[in-house]
Amino acid sequence: RRVLLLGEGNFSFAAALCGAARGSHVVATCYESEEEAAGRGGAARSIRRLRDSGAEVVFSVDCTKLKEYFLPGEREFDRIYFNFPHCGRKAGVVKNRELLACFFHSCAEVLAEQGEVHVALCNGQGGTPADQPRREWHNSWQIVAVAAGAGFILSDVHPFKAETIHGYKSTGYRSQDKSFCVEGALNHIFTRSTPPLCLTPVSCKTQLGSQKVSFRVPQVLVDKINRGFLEVNSSHPVRTIKEKLSAGLSQAFPLQNISSCLPLLHQGHLHGVCHSSIFWIAPSLGEAPSTEETSQGLADTVWFSHFGQDTDRNVQEGCPIPKQLYLRPSLLPHAQAIIQKGAFSPGTLHVLSGPVFRQCRITPHSMPVFHEMLLVLAVRRGTENSWIQMLVDNIKSTTGSLHQAMSGVTPSISLREATSFGAELNDFAAFECQLGEIQHFLCVGTDPDPSGCCVGVIRTAPDELKSSELVVVSASLNLDLLAMLLCGISDWRMLWTSDRRFLQQFPEGELRLFKSFSLYPPSYVHDVSFWVPDGEEFDEVAFHSLARRVSGEMVVSIQLRDSFQQPGTGRRSLCYRVTFQSCDRALGCREAAEMQLRFREEMQQHLGVTLR
């Protein structure tokens, strides 16, 4: 490994590291000239020791211009260390933030792709929750936000134990050869973030009856529409949970999977479902692209291409284009269609699974797309309650054993009557209620919320689908919510990250508690006030959906701060607080500010509001 050390005072840390890091090529540098550095206590001895061990020692190195000191072939450092950076003398927090900002930008030019940047700071300087006590944000160096501006995320933080580093002695207090207190100091380890997503518009072609229908994929779904999490070669925890549940259920029921040919689009009306909760599609007719790039997860029924390439070339004039098309918000209509055809075998548990799409408000557990697992069972009339209990017991047993195997703690899994739920319904459960009457909610409780989060609903088929002898029982499970609760994932967006470090924590067929690779991500708060168009009801779901699209899912929270009605005119004004934060990649303050400006512009264009 190539290791670069910056800002060495007396080179005692470099000498200790060189002695311990066998097989590494160490380059130790300092800002001062060789004459100035050698005058520090013990520096000359450490420099000799470094040179004797084969390390390079370079003087007068500016940490903000690193590429100037190394040839292109010598810039791929695997680790860069900068212990206790400081502008010198009585420089304040603003000056030191500026130093760190320039330093991180410089590191980006000489760090290997999988490299690490280690920055040690005195207690409280970093401004993260790891500092104890923690300084007020404005009085800290804000190191995570500063690093984010250069494309780095904080991946680990641990105590800087000076007493364990043989021969190490701090120096440089107020630019003098004096030591300073390093008790409680922290070592911050930064890694490169995945770059921002550049999502080009995509068109999708799908089979709908006897026609091939082309449509433009909603922008918020472009990076989610064809990820293949449930495919055979996937190691994603969502698939692992589905397979574990299926294995457990197969011990009690004959199982039949019928997920291979489920259409991506629905047509017609969904009675009782809020219009703004649906991803409506404007289709055109056409043939699949000649390349036929097929989505395996949709069994040869969907083709993808960049929008604008052959999308409308093959429109067939005179053919009726289906109206009221929308991305499927549930697999339940597919199950009901199969029931109507009489294709269900009594006593056999039929399993449907796949992604479903719902427009929703922004919360950590509200997902515009998730993977649904729908279990459908036809049973003799009068026995449905016992079958429901058997089904739930099996799901509870499998889910409980999975969580206990990972955490050693048995989760609280409960079946709650529909009448016992009130305003605390999460978005998943609230939408399911719109699809039809529900008998039971399946809730999973884990620390820190043992009361339970609704991850599934159980219902019987409506009367028109019942026969004189049989009743159809169905259970809809949100596999993404289950994965979050069982694996300790706090933000649904992490399930869809493109960062390889996520899936590396879940070897094929194995579930583990997730350890975030992006710690204490910075958040940026912006308020926006506007007048609502006269006589119109403000569509808050559309407001949240626009924030998702403009920010690329970088908005983590939207809260209504104030509502005001102007006397006399009756005009209504709303004020919202919008919080930008990424769970998996670097988000700097400048990028967040640009998102806020775009959001304001698009609000006027698409929502018809007047900014204040």
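The values are calculated or read from the model by the stated rules, or taken from the named source; none is laboratory data. Since the structure is predicted, the reported quantities are computational estimates derived from the model, not experimental observations. Note that each Cβ is placed from the backbone with ideal geometry, even for glycine, and that neighbours are counted across all protein chains shown. SASA here: full protein model, heavy atoms, side chains in, ligands and nucleic acids out. Shrake-Rupley method; radii C 1.70, N 1.55, O 1.52, S 1.80 Å.
Quick look at the values:
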| item | result |
| --- | --- |
| Extension gain (nm, one decimal) between residue 180 and residue 67, 0.36 nm per residue minus Cα-Cα | 37.6 nm |
| Spacing of the two label points (7 Å from each Cα toward its C-beta) at residue 165 and residue 416, in nm | 5.1 |
| Loop-located GluC sites (Glu not before Pro) in the range 523-612, at most 11 other Cβ atoms within 10 Å (DSSP) | 536, 537 |
| Summed residue charge, Cβ within 14 Å of residue 13's Cβ, Lys/Arg positive, Asp/Glu negative | +4 |
| FRET efficiency estimate (nearest 0.05) - Cβ-Cβ, residue 56 to residue 363, R0 56 angstrom | 0.60 |
| Under 15 Å, Cβ to Cβ, from residue 4 - net charge with Lys/Arg +1 and Asp/Glu -1 | -3 |
| Helix-only [θ]222 nm of the chain, DSSP H runs n ≥ 4, -39500 (n - 2.57) each, per residue, nearest 500 | -7000 deg cm²/dmol |
| Rg to Rh quotient for the range 104-182, alpha carbon positions, Kirkwood Rh | 0.99 |
| For the chain: accessible area per residue (Å², 1.4 Å) | 46 |
| Net lengthening on full extension, residue 158/residue 381 (0.36 nm per residue, minus Cα-Cα) | 74.2 nm |
| Sequence ranges 118-126, 187-195, 90-98, ranked by mean other-Cβ count within 10 angstrom, highest first | 118-126, 187-195, 90-98 |
| Cα→Cβ-extended label distance, 7 Å offset, between residue 38 and residue 87, nm | 3.2 |
| At R0 = 35 Å, FRET efficiency that the Cβ-Cβ distance of residue 561 and residue 197 yields, to 0.05 | 0.75 |
| Heavy-atom SASA rank of 515, 205, 341, 244 (probe 1.4 Å, accessible area, largest first) | 341, 515, 244, 205 |
| Charge dipole of the range 2-192 about the Cα centre (unit charges at C-beta), most positive-ward option of 53, 159, 30 | 159 |
| Rounded tilt (10° steps) of 237-249 against the dominant C-alpha axis of the chain | 40 |
| Cα-projected label distance for residue 607 with residue 139, points at 7 Å along beta-carbon direction, nm | 3.7 |
| For the chain: relative contact order, % (alpha-carbon pairs under 8 angstrom, 6 or more apart) | 12 |
| Accessible surface of the chain [probe 1.4 Å, protein heavy atoms]: carbon and sulfur percent | 48 |
| Solvent exposure ordering (accessible area, 1.4 Å, most first) of 585, 48, 79 | 48, 79, 585 |
| Listed candidates [x] 53, 28, 24; [y] 39, 33, 23; [z] 68, 35, 19 - label of the one calculated as semi-axes √(5λ) of the Cα gyration tensor in Å | [x] |
| Cβ-defined net charge surrounding residue 527, 14 Å radius [Lys, Arg +1; Asp, Glu -1] | +3 |
